[in-house]
Amino acid sequence: MLIRRPDDIPSSEITPESIYQNRRQFMGAAGALALGTVLSPAALQALGRTGMGMQDDKVTPEEDVTSYNNFYEFGTDKEEPKELAKDFKPMPWTVQVEGLVKKPRPYSYDELVGKLSVVDRTYRMRCVEAWSMVIPWRGVMLRDVINRVEPLPSAKFVEFTTLFDPRRMPGQRSPVLPWPYKEALRMDEAMNSLTLLATGMYGKSQLPNQNGAPLRLVTPWKYGFKGIKSIVKLRFTDKMPNTTWADANPSEYGFYANVNPQVDHPRWSQAKERRIGEFIRRPTLMFNGYAEQVASMYSGMDLRRNY
C-alpha cells in the first residue's frame, strides 16, 4: 500500500511544529509547480512526503465506491451505473492494439493481461467535481502490458477507447458526450510505476461492471475522468490524441488532467475536496499527493496552461 506515513519519518519526530513546517513547504512547492517552476530534488521530496503522510487516508467503504459512480455509458446520475450495468456481460473481452507497435492485432483479455504480475495498490481517487475516495485496486502495471505489445520508439502517446455498444450501454443512446469515450497518456505517464490497468478491487479479481469491468485505467495523480473504463482499444501514436472531455468542452477539460489545487475548474474550486463519507472538506494535495513519483515528468511546464 502506498498510502502511509513514510518510513523515514519516525513518529517521535512528528510534532505540531513539524507538521506546520511541512505544510509550509508543501504550499510553497505546490504554488511553484502550478506556475511551472522547476523544483529542486529536495523540494520535490518534501512535497511528496507531505502529500503522502499528512492526511488521514482511510479506505472508502466498498458500498460507497460501487454505488457512487461517474460512468456516463450507464447514465449520468451517480446511482444509475450500478442499476443499469447489472446485466452487462464483460466476458469474453477483446482489446484491439494498433498504431506504432510491433504486435498490432486483437488480444483476448487473457492474452493481454494474463500471466502478468498482479499487484494490489490503494490509491486516492480525486474527481474534478471536488469529491474524493480511497480505493484498493487490483490489477497489472500498464507498462507490463505495453512492453508485451512492443511499441515502436516513435510512439509518444497511447490512446484508450471504451466499448461503444448502445444496446449494452444505454447511456450511449444519449448524445451527452461524443461517443465512444477516449482518453490518452504520454508514454512516460503510461510507463510510470503508479499507472495501473485495473482488473479488480477490494481484493477481488474482477471489477464490478459499474466501476469499469473488465479493464480500467488508474492514474492516481490525475482527475478521475482520466480513468477510462471498459477499454477495447489501445492505439500508439506520435501525435497527442484528442480526448472525449477535452473535445466536449476544451475550456474546462485539458489533456493532462493533473490534480492541481492552484488551478480551478470553472465550476468547481480545486483547493479543497469532500472525501466521500466525511462532512468537512480537506485541502487538495498537488498531484493528489503523488508528487514525489510524478512531478519530474512535468518539470518546466506551465501547469496553468497545460491543465
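If a residue has to be open to solvent by 60 Å² or more (accessible area, probe 1.4 Å) and in a loop (DSSP other than H, G, I, E, B) to count, how many in segment 264-275 make the cut? Outline the logic, then answer.
Applying the first criterion (open to solvent by 60 Å² or more (accessible area, probe 1.4 Å)) to segment 264-275 yields 264, 266-269, 272, 274.
Filter once more, so that each one left must be in a loop (DSSP other than H, G, I, E, B): 264, 266-267, 269.
Qualifying residue count, segment 264-275: 4.
State all residues of segment 78-114 that are more than 27 Å from Ser154 (Cα to Cα) and either at pLDDT below 95 or surrounded by 13 or more Cβ atoms within 10 Å (Cβ to Cβ) (or both); if no residue qualifies, say none.
Lys78, Glu80, Pro81, Lys82, Glu83, Leu84, Ala85, Phe88, Pro90, Trp93
Determine if segment 140-148 includes at least one residue that is open to solvent by 10 Å² or more (accessible area, probe 1.4 Å), in contact with a strand residue (DSSP E or B) (Cβ under 6 Å, 6 or more places away or on another chain), within 22 Å of Ala257 (Cα to Cα) and assigned to a strand (DSSP E or B).
The answer is no; no qualifying residue exists.
With Ala184, Ala213, Ala198 as the choices, which residue is open to solvent by less than 10 Å² (accessible area, probe 1.4 Å) and in contact with an Asp or Glu (Cβ under 9 Å, 6 or more places away or on another chain)? Even if it seems obvious, please write down each step before you answer.
Details: Ala213 fails: in contact with an Asp or Glu (Cβ under 9 Å, 6 or more places away or on another chain); Ala198 fails: in contact with an Asp or Glu (Cβ under 9 Å, 6 or more places away or on another chain).
After ruling out the rest, the residue left standing is Ala184.
Inside segment 101-139, can you point out the residues that are assigned to a helix (DSSP H, G or I) and in contact with a strand residue (DSSP E or B) (Cβ under 7 Å, 6 or more places away or on another chain)?
Taking segment 101-139 first, the residues assigned to a helix (DSSP H, G or I) are 109-113.
Result: Leu112, Val113.
Taking Asp57, is it part of a loop (DSSP other than H, G, I, E, B) and open to solvent by 30 Å² or more (accessible area, probe 1.4 Å)?
Numbers: part of a loop (DSSP other than H, G, I, E, B): yes; open to solvent by 30 Å² or more (accessible area, probe 1.4 Å): no.
Criteria not met by Asp57.
Could you identify the single residue in Pro241, Pro250, Pro220, Pro178 that is crowded, with 23+ Cβ neighbours inside 10 Å, assigned to a loop (DSSP other than H, G, I, E, B), out of contact with any Gly (no Cβ under 7 Å at 6 or more places or on another chain) and not charged (D, E, K, R)?
On the way: Pro241 fails: crowded, with 23+ Cβ neighbours inside 10 Å; Pro250 fails: crowded, with 23+ Cβ neighbours inside 10 Å; Pro178 fails: crowded, with 23+ Cβ neighbours inside 10 Å.
One residue alone meets the criteria, Pro220.
How many of the residues in segment 276-297 are under 15 Å from the mean Cα position of the chain (by Cα), open to solvent by 10 Å² or more (accessible area, probe 1.4 Å) and farther than 26 Å from Glu63 by Cβ?
Number satisfying all stated conditions: 1.
How do the pairs read when you match residues in segment 120-137 that are closer than 17 Å to Tyr253 by Cα and open to solvent by less than 20 Å² (accessible area, probe 1.4 Å) with residues anywhere that are small (Gly, Ala, Ser) and modelled with pLDDT under 95, using Cβ under 8 Å and keeping only pairs 6 or more apart or on different chains?
Sorted first by the residue in segment 120-137, then by its partner, the pairs are Ala130/Ser269.
Counting only residues that are closer than 22 Å to Asn69 by Cα, assigned to a loop (DSSP other than H, G, I, E, B) and not basic (Lys, Arg), how many does segment 223-238 have?
At the first step, the residues of segment 223-238 found to be closer than 22 Å to Asn69 by Cα are 223-232.
If we keep only those that are assigned to a loop (DSSP other than H, G, I, E, B) as well, we get 223, 227-230.
From the residues that got through so far, the ones that are not basic (Lys, Arg) too are 223, 227-228, 230.
Residues flagged as closer than 22 Å to Asn69 by Cα, assigned to a loop (DSSP other than H, G, I, E, B) and not basic (Lys, Arg) within segment 223-238 amount to 4.
The values are calculated or read from the model by the stated rules, or taken from the named source; none is laboratory data. Here the structure is a predicted model, which means the values were calculated and not measured. Every residue, glycine among them, receives a Cβ derived from its backbone with ideal geometry; neighbour counts consider all protein chains shown. All accessible areas refer to the heavy atoms of the entire protein, side chains included, with ligands and DNA or RNA removed. Shrake-Rupley method; radii C 1.70, N 1.55, O 1.52, S 1.80 Å.
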